[in-house]
1. Take the residues in the range 1-40 that are in contact with a strand residue (DSSP E or B) (Cβ under 7 Å, 6 or more places away or on another chain) and in a helix (DSSP H, G or I); name whichever of them is surrounded by the fewest Cβ atoms within 10 Å (Cβ to Cβ).
2. So which pairs qualify, if the first residue must be in the range 74-94 and loosely packed, with under 13 Cβ neighbours inside 10 Å, the second must be outside any helix (DSSP H, G or I) and at pLDDT below 85, the Cβ gap must be under 9 Å, and the two must be at least 6 apart or on different chains?
3. Cβ contacts < 6 Å: first residue more than 19 Å from residue 87 (Cα to Cα), restricted to the range 51-67; second residue at pLDDT 90 or above and surrounded by fewer than 12 Cβ atoms within 10 Å (Cβ to Cβ), any location; separation 6+ or different chain. Result?
4. Restricted to the range 95-109, and to residues that are surrounded by fewer than 15 Cβ atoms within 10 Å (Cβ to Cβ), without any contact (Cβ under 8 Å) to a residue 60 or more places away in the chain and within 15 Å of residue 28 (Cα to Cα), which residue is nearest to the chain's Cα centre (by Cα)?
5. For the range 41-56, which positions are surrounded by 12 or more Cβ atoms within 10 Å (Cβ to Cβ) and not in a helix (DSSP H, G or I)?
6. Specify which of the listed residues (65, 70) is over 27 Å from residue 117 (Cβ atoms) and modelled with pLDDT under 90.
């Protein structure tokens, strides 16, 4: 199986403020059955604390189905709620799945998570810069308008005497 980075990126979801991957997607990448992957995980539960892996709630799973077109239980899909793995959980999978395919997939996934993290840091940096620019621009406009008000107060009395009124005469 040729590991396609773009395909793996599409398999990463944001759930409970964590970037995660579904057990079924990981099983597909590792070329094993989802049930086999989950059996291995259950045999090694000490390696998967809740910040490495958790099971989706029914509302979370239904939202995922609606947003991403994942097969429903009634249509021959899953019989149990899926497990999802965080970046650390995916890394830990390599210690229990010992095939060459698992190693190659884990390398690709770790690279993607690293890339996503750098994008998030860049986005945060750009956001901070935009905030600083906005604050600076607000200060500049305030100074410009204050100066215009000062000029208007100085000029208006001189011209008010000589200025003709516009409009109809009474």
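1. Only one residue fits best here, namely 38.
2. Cβ pairs passing all conditions: 77/70; 77/71.
3. none
4. It comes out as 103.
5. 44, 48, 49, 52, 53, 54, 55, 56
6. Being over 27 Å from residue 117 (Cβ atoms) and modelled with pLDDT under 90 holds for just one of 65, 70, which is 65.
The values are calculated or read from the model by the stated rules, or taken from the named source; none is laboratory data. None of the values given here were measured: they were computed from a predicted structure. In this analysis, Cβ positions are derived from the backbone assuming ideal geometry, glycine residues included, and neighbour counts consider all displayed protein chains.
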